[in-house]
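Note sheet for the following structure.
The values are calculated or read from the model by the stated rules, or taken from the named source; none is laboratory data. Being a predicted model, the structure only gives us computed values, none of them experimental. Every residue, glycine as well, gets a Cβ built from its backbone with ideal geometry; the counts of neighbours run over all protein chains shown.
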Amino acid sequence: MKILPEPNRSDGAAGSAAELRSWKREIAPDKVVGLVATMGALHEGHRSLIRRARQQCDLVALTIFVNPTQFGPGEDYSNYPRTRDQDLEIARAEEVDLVWFGNSDEMYPDDFATRIELPSLSAQLCGESRPHFFAGVCLIVLKLFHLFEPDRAYFGEKDYQQLVNIERMTRDLDLDLEVVRCPIVREADGLAMSSRNVNLNPAARKEALALSRSLFRARELWMEGEECPVQIRQQATALYSSAVELDYFEVVDRDHLVALERIEPGRGAVICVAATIDGVRLIDNIQLEPR
Ligand code: AMP
């Protein structure tokens, strides 16, 4: 397994982007390259993406970079868990070919000026409370796509709005790669796996279950014939205790992320939820399949 930048690199000036290009020239021509982009603190959700890439590609590149442009002032950039050694162990166990650690100064020099915006997909849901977020995500993902030139890039449905933004950017800008959707991996009790879960104390960890439970309940209501988002929301979130500071619970169209007044049985929908529990912001979602 190759690690970039080289741990004992002597010429700091070469830069990880330059090292990456030379790695690609030597190793990657004519190979199918799969990219798994992460912020580290790897868990089973990330592993499922790596495994899928391992099955479908000749080379698997894993990026680990806590991307500053997707965090706003007062958010958890400095608290975000960073577990380099453990991540490298997981990458080795999953037979990753290349692990690349991003460097903020190199990715974003002082006079960096470019922005990537998808206003119709990024203003709602998480975008309401995190207006900078998807522009930051799309910017780093587009940079990674250019640096790695992957044939396939693997993203989790756990971050559904992010996935839809990345898919649309890929289509709109005619990027020559396939974005592969990977299903949400959950703990045995239903909590969606997230790097932020380690910041939940035992009491908050219990409260956090309210999110997945409300989504499972919402799907049941849908399967029983309920088509009204207001009714679904009311009944599903009735389970929440005061520990759950709800940001949103929205039934939206799967492709455009527009809030629905009624769910058309033949089209289905997706329900996205976000809440803060004891200072930790969590998101989750569930697909309402057409019926
Ligand atoms: P992150 O490190 O949180 O930025 O996530 C990196 C990638 O892993 C993103 O594509 C996420 O959607 C995906 N991911 C994170 N958690 C899960 C999960 N529980 N199930 C599936 N994919 C996940």
Scanning the range 169-186 for residues that are charged (D, E, K, R) and more than 8 Å from the ligand (Cβ to nearest atom), the one nearest to residue 215 (Cα to Cα) turns out to be 181
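Going by the structure shown, is residue 255 in the same structural domain as residue 56 (by TED's automatic domain parsing), surrounded by fewer than 17 Cβ atoms within 10 Å (Cβ to Cβ) and either within 20 Å of the chain's Cα centre (by Cα) or away from the ligand (no atom under 16 Å from the Cβ) (or both)?
Judged against the criteria, residue 255 is not a match.
Could you pull out every one of the strands (runs of 3 or more DSSP E) wholly within the range 1-89 that has 2 or more residues that are modelled with pLDDT under 95?
2-4
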Can you tell me which residue within the range 218-277, out of those that are assigned to a helix (DSSP H, G or I) and β-branched (Val, Ile, Thr), is nearest to residue 130 (Cα to Cα)? 237
Could you say which residue among 236, 218, 208 is of a type in the set (A, V, I, L, M, F, W, C), within 20 Å of the chain's Cα centre (by Cα) and crowded, with 18+ Cβ neighbours inside 10 Å? 208
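Out of the residues in the range 140-168 that are within 14 Å of the ligand (Cβ to nearest atom) and aliphatic (A, V, I, L, M), state the one that is surrounded by the fewest Cβ atoms within 10 Å (Cβ to Cβ).
163
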Based on what the data block shows, is residue 76 away from the ligand (no atom under 13 Å from the Cβ) and surrounded by fewer than 20 Cβ atoms within 10 Å (Cβ to Cβ)? no
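Helices (runs of 4 or more DSSP H) wholly in the range 98-137 with at least 1 residues that are more than 14 Å from residue 162 (Cα to Cα) - which ones?
Correct list: 104-107, 126-129.
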The range 21-43 - residue that is within 17 Å of residue 176 (Cα to Cα), of a type in the set (A, V, I, L, M, F, W, C) and away from the ligand (no atom under 15 Å from the Cβ) and, of those, nearest to the chain's Cα centre (by Cα): 33
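Quick grid of which residues meet (1) in the same structural domain as residue 40 (by TED's automatic domain parsing); (2) loosely packed, with under 13 Cβ neighbours inside 10 Å; (3) away from the ligand (no atom under 14 Å from the Cβ); (4) within 22 Å of residue 182 (Cβ to Cβ):
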position: 108; (1), (2), (3), (4): yes, no, yes, no
position: 112; (1), (2), (3), (4): yes, yes, yes, no
position: 117; (1), (2), (3), (4): yes, no, yes, no
position: 136; (1), (2), (3), (4): yes, no, no, yes
Just give me the residues in the range 174-195 being more than 26 Å from residue 31 (Cβ to Cβ) and among the charged types (D, E, K, R), in sequence order. 186, 187, 189
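Every residue, every condition in (1) over 24 Å from residue 279 (Cα atoms); (2) within 13 Å of the ligand (Cβ to nearest atom); (3) surrounded by 15 or more Cβ atoms within 10 Å (Cβ to Cβ); (4) without any contact (Cβ under 8 Å) to a residue 24 or more places away in the chain, yes or no:
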residue	(1), (2), (3), (4)
45	no, yes, yes, no
51	yes, yes, yes, no
67	no, yes, yes, no
70	no, yes, yes, no
90	yes, yes, yes, no
95	yes, no, no, no
Would you please name the residue that is surrounded by the most Cβ atoms within 10 Å (Cβ to Cβ), looking only at residues in the range 258-286 that are farther than 22 Å from residue 185 by Cβ and among the charged types (D, E, K, R)? 278
Restricted to the range 189-217, and to residues that are in contact with a helix residue (DSSP H, G or I) (Cβ under 9 Å, 6 or more places away or on another chain) and in a loop (DSSP other than H, G, I, E, B), which residue is farthest from residue 287 (Cα to Cα)? 200
